[in-house]
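J.: Input: one structure, supplied below.
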Amino acid sequence: GIAGVKVVKSTTESTQPSSHSGDILFNFVMEGSMTLEGEGKDPFHLKPGDAFVIPPGLITQYKNVSKDLELLEVSLPGKFETKLQ
């Protein structure tokens, strides 16, 4: 439970706004593309090779998600709470 690593694949074109309670939530775009929107931040288009970190408590949403999106997600701790907004 100290750390978690998984591959997340696209299931929808957009996610609900959410935040998390983890210490670190790191993502690396392996395939596909998406737009990351964060509360108080400009939207950012991501493509293969891009990486991003979502701080705890920041409300974010994934939009314009391609059908082939694959993210490598690394989290500390391995299990954390996701809060839908």
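J.: With an 8 Å cut-off on Cα pairs and a minimum separation of 6 or more residues, tell me the relative contact order of the chain in percent.
T.: 50
J.: Next question, about the same structure. Among DSSP bridges having both ends in the chain, what percentage is antiparallel? Round to the nearest 5.
T.: DSSP beta bridges in the chain are roughly 100 percent antiparallel.
J.: Just in the chain: which trypsin sites (Lys or Arg not before Pro) are loop by DSSP and have at most 12 other Cβ atoms within 10 Å?
T.: Lys41, Lys67, Lys79
J.: Counting other Cβ atoms within 10 Å, which GluC sites (Glu not before Pro) in segment 26-85 have at most 13 and lie in a DSSP loop?
T.: Glu39, Glu81
J.: I would also like to ask the following. Where a Cα-Cα gap under 22 Å defines reach, which lysines qualify for Lys83, not counting those fewer than 8 residues away within the same chain?
T.: Within the straight-line cut-off, Lys83 pairs with Lys6, Lys9, Lys41, Lys63.
A short reminder: the numbers here are calculations on the coordinates, not readings from a lab. As the structure is a prediction and not an experimental result, all values here were calculated from the model. We place every Cβ from the backbone using ideal geometry, glycine too, and count neighbours over all the protein chains shown.
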